[in-house]
Amino acid sequence: MEKMLRINMGADGGPKASSIPVGEYSGLAGRALTSALVSKEVPPLCHPLGAENKLVISPGMLSGSLAANSGRLSVGCKSPLTGGIKESNAGGMASQTLARLGYAAIVIEGKPSGDDLYTIFINKDGVNINVDNSLKGLGNYALVEKLKQQYSEKACYISIGPVGEMKLASASIACTDMECRPTRHAGRGGTGAVMGSKNVKAIILDDTGMGMRKPKDPDKFKEANKRWVDGLKKHPVTGEGLAAYGTNVLTNILNEAGGYPTHNFMWGRFENHTKISGETQAALETERGGNPTHGCHRGCVMRCSGIYMDKYGQYLTKQPEYETVWAHGGNCGIDDLDTIAMLDRLDDDYGIDTIEMGATIGVAMEAGLAKFGDGAAAINFVNQVGKGTDMGRILGSGAAVTGKVFGVERVPVVKGQSMPAYDPRAVHGIGVTYATSPMGADHTAGYAVGSNILGIGGKTDPLSPEGQIELSRNLQIATAAVDSTGMCLFIAFAVLDQPETFQALIDMINAFYGFNLTADDVAELGKSVLRNERAFNAAAGFTSAHDRLPGFFTRDALPPHNVKFKVTDAELDQVFNF
Amino acid sequence: MFDKNKMSRILSPILQKGIMVKTLTGVTVRRLLEDELKLSHDIIDNQIATVFLDGRPVDNIDSAIVKDNSEIALSGAMPGFVGATMRRGGFYSAMRAGITHTDENLAIETHQGLVKIKLYNSLIDLIGPILFSSGFFLSAYEVNHLLATEIGPHLTTHVDKDLDGLISVSLRPDQ
């Protein structure tokens with residue numbers, strides 16, 4: 001991956017593509033590359049939908065190789081939702097395919113002057129950029145079906161739905177999965193709107209004729225990969241738990257802990273949680289001939305996804321993730337899995353972030369636009385977003401805008417981005433990460449291995465407020481590093497508990513690139529990513545005042561434990577002290 | 001003899017909501033699991049990763065005391081950062097300190113009482129059949145529902161006069 005594809009959509013005479021060496025970005029991939037490039041090349045004060053913004057799509061360091069679970073794709077830009085830097089990542093086949101084509105990144109810059117809609121086709125022979133206005137307004141499912149006829153069922157598709165074309169701030173970018181369905185999304189932060197602003201409807205990646213990427217030391221790589229796979233398979237979460245129930249297995253646990261945000265973060269428990277739990281979902285999928293154990297890309301050994309069939313036994317959508325089931329389920333008082341699955345399908349088809357959409361509907365319900373628990377109203381809201389009605393455009397702009405338009409105070413956002421499925425009053429540690437992440441409220445920002453493995457940070461008592469700050473800091477550093485490898489964040493559970501599995505990951509990177517990285521180097525990589533992102537946000541006008549949770553989290557007690565968020569502002573300001 | 005997998009599927013919703021067991025209370029969580037529910041050391045120490053007592057995550061099952069009418073929820077290993085914070089005695093347990101179960105150091109007498117047990121994820125298949133064999137209590141509504149399923153013919157039920165509104169359910173001894 002020593003080359004980069006730069007596509008100037010605003011070039012004289014029409015879009016121009018040029019393949020150039022990665023140059024100063026050599027050795028970077030995934031989030032490390034997207035954030036380095038955006039922070040260096042995108043003016044922080046530019047309009048996110050303007051010509052000066054750039055959309056950067058980068059596979060991870062080990063994507064395209066035989067390394068298990070290395071198929072995450074990073075998408076970076078200035079976010080139309082937060083106004084700050086954004087890295088959103090997705091599973092599916094795109095990362096592996098782009099890496100095998102040899103590209104460290106696709107950088108889409110500039111902006112066409114007209115209304116024409118473009119496709120970008122990339123294979124081993126080069127790049128073709130074509131106008132195809134017949135694709136306007138198509139949902140991701142119909143779009144991919146149409147493109148498959150024109151290109152190949154074996155190709156991989158990166159696309160936007162109508163919400164991206166409308167440039168709404170909740171728009172996602174879809175990537176096709178192993179079955180060539182547009183089910184895996186770079187959902188957060190409105191990356192789909194940026195792709196829409198460049199008038200790019202789809203990127204088609206065809207790696208026919210390209211082999212696996214080759215490591216510099218094949219024997220060491222093979223041996224490290226074996227230890228890596230063994231480590232993932234022997235861990236109870238990555239080896240068994242995720243495969244059996246998927247991520248939605250968390251519903252019962254968060255509910256039991258009283259940290260399951262219900263009715264727009266009003267309560268910490270949802271009465272009908274067992275109706276939408278991962279256990280119930282997996283049983284229903286099996287009963288209907290679906291599959292609760294399925295990978296989102298080839299080379300995944302954890303297989304936390306699944307196939308959801310409707311009541312007639314026909315494919316409806318992929319297995320909705322925990323955060324999706326929460327956003328459209330308990331957060332909106334909806335206890336019917338078929339309704340939630342339909343909302344997931346519509347989100348994927350229109351190209352909308354499921355977390356942002358669910359949180360927005362929760363705010364709309366609090367505003368009195370519908371009653372909590374009204375599944376038909378929720379489906380109608382999403383259809384309005386997809387069709388671009390006046391109401392739909394408000395809702396499609398996210399929870400913060402919807403809260404302002406309809407006069408709702410309890411809007412669960414940080415930096416304009418909706419909070420996912422964990423109430424920070426019950427789990428203060430995640431509240432620290434929600435508040436301080438450069439991405440806005442993001443449950444994946446502080447997800448990976450921590451100080452116990454990386455050996456970073458000091459020896460602060462974890463029970464003290466300083467300890468919570470330190471843990472969040474170290475988690476954010478480690479996550480930024482993992483996001484750069486292309487590894488699925490769920491590897492965190494195995495490397496968290498098994499230091500030898502973490503070492504296998506470092507050994508794989510070293511064998512692949514001929515590096516001699518240590519755990520300290522990995523930590524430094526994570527720090528450098530966060531420094532780039534923080535510097536961009538500061539130049540875009542962000543201050544410590546933006547590193548705060550909404551006031552109701554410190555003011556209103558959360559039943560049933562009646563807890564409030566108690567980490568002070570001064571403590572939050574200590575997170576980024578490096 | 002019927003299919004144990006089918007039994008788990010039928011029992012899963014009931015076990016997630018919770019079943020009542022008549023047991024000695026005023027004892028530690030470990031003692032209840034070990035002596036009253038007859039769970040093995042392997043299950044207690046290696047399979048039960050997360051324990052909630054009255055809705056609060058427990059770090060030390062050797063000191064947390066189960067009272068009459070307590071609710072205990074048991075889970076296998078959980079994904080997600082928050083899943084990791086909920087583990088008993090885990091490295092990230094400090095991040096949910098505000099809701100952690102704390103021992104009250106009260107002298108509580110032991111006596112027979114009722115405790116609600118909830119089972120989640122992998123523990124449904126692992127512990128569900130053990131509880132089912134020894135028997136537990138459900139509401140009349142739940143028992144009627146269970147009797148109408150495929151495992152209904154394999155059950156024995158009886159009303160406990162001391163427990164108003166609850167019916168004892170267990171697997172027939174010949175199963």
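The values are calculated or read from the model by the stated rules, or taken from the named source; none is laboratory data. This structure is a prediction, so every number in the text was calculated from the model and none was measured. Backbone-built Cβ (ideal geometry, glycine too); neighbour counts: all protein chains shown. For accessibility, only protein heavy atoms count, side chains too; no ligands or nucleic acids. Shrake-Rupley method; radii C 1.70, N 1.55, O 1.52, S 1.80 Å.
Brief remarks on what is shown
- The range A:3-205: mean projected area of Cα convex hull, nm²: 10.0
- Ellipticity at 222 nm from helices only: DSSP H runs of n ≥ 4 in chain A, each -39500 (n - 2.57), divided by the residue count, give -11500 deg cm²/dmol.
- Accessible surface ranking that places the most exposed of A:R555, B:R56, A:R531, A:R184 first, with a 1.4 angstrom probe: A:R555, A:R531, B:R56, A:R184
- To the nearest 10, the accessible area of B:I151 is 0 Å² with a 1.4 Å probe.
- Computed accessible area, A:F270, all protein chains, 1.4 angstrom probe, square angstrom: 10
- Number of partner chain Cβ atoms within 10 Å, mean per residue of A:557-569: 1
- With the biggest extent put first, the Cα atoms of the range B:76-153 measure 48, 37, 21 Å across the principal axes.
- Cα-projected label distance for B:Y141 with A:K40, points at 7 Å along beta-carbon direction, nm: 6.4
- Here the range A:264-411 is treated as an ellipsoid with the same Cα gyration tensor; its semi-axes, largest first and in whole Å, are 27, 16, 13.
- Translational diffusion coefficient (Stokes-Einstein; Kirkwood radius from C-alpha pairs) of the range A:165-250 at 37 °C, 0.692 mPa s, in µm²/s: 196
- 3J(HN,Hα) from dihedral phi, the range B:76-92, Karplus parametrisation 6.51/-1.76/1.60, rounded to Hz, x for glycine, proline: x, 5, 10, x, x, 4, 5, x, 5, 5, 7, 4, 6, x, x, 4, 9
- Beyond 17 Å, the tail of the calculated P(r) for the range A:97-208 holds 50 percent of the Cα pairs.
- In terms of packing, defined here as the mean over residues of other Cβ atoms within 10 angstrom, the peptides A:185-192, B:69-76, B:139-146 line up highest first as A:185-192, B:69-76, B:139-146.
- Counting charges near A:G84 (Lys, Arg +1; Asp, Glu -1) among other residues having Cβ under 9 Å from its Cβ returns a value of +2.
- Coordinate range along principal axes, alpha carbons of the range A:428-572, Å, largest first: 52, 37, 27
- Computed over chain A, the quotient of the alpha carbon radius of gyration and 2.2 N^0.38 Å is 0.89.
- For the set A:K54/A:K154; A:K136/A:K167; B:K67/B:K118; A:K311/B:K17; A:K86/A:K564, the pairs lying more than 18 angstrom apart at their alpha carbons are A:K54/A:K154; A:K311/B:K17; A:K86/A:K564.
- Ranking by accessible area, most exposed first, for A:F490, A:F553 with a 1.4 Å probe: A:F490, A:F553
- Take the convex hull of the alpha carbons in the range A:501-578; its mean projected area over all directions comes to 8.4 nm².
- Peptide A:423-433 has a mean shielding of 4, counted as Cβ atoms of other protein chains within 10 Å of each residue's Cβ.
- Whole-number D in µm²/s for the range A:392-449 (Stokes-Einstein; Kirkwood sum over Cα pairs; 20 °C, 1.002 mPa s): 178
- Among the residues of B:56-62, the average count of other protein chain beta-carbon atoms within 10 Å of the residue beta-carbon is 2.
- Computed accessible area, A:E41, all protein chains, 1.4 angstrom probe, square angstrom: 50
- Under a 5 Å amide H cut-off, with hydrogens placed 1.01 Å from N, A:I307 pairs with A:N291, A:T293, A:Q319 among residues at least 5 apart or on other chains.
- For q = 0.14, 0.19, 0.22, 0.24 Å⁻¹, Debye-computed log10 I/I(0) when each Cα of the range A:1-107 counts as one equal scatterer: -0.53, -0.93, -1.17, -1.29
- Cα convex hull volume per residue for the range B:4-169 (Å³): 116
- For the range A:219-317, convex hull volume per residue from C-alpha positions, Å³: 131
- Largest-first ordering by accessible area, 1.4 Å probe, given options A:I160, A:I307: A:I307, A:I160
- Counting only Cβ charges, +1 for Lys and Arg and -1 for Asp and Glu, the dipole size of chain B around its Cα centre is about 440 debye.
- Dipole of chain A, positive end: most advanced residue of A:I85, A:G114, A:L517 [Cβ charges, Cα centre]: A:G114
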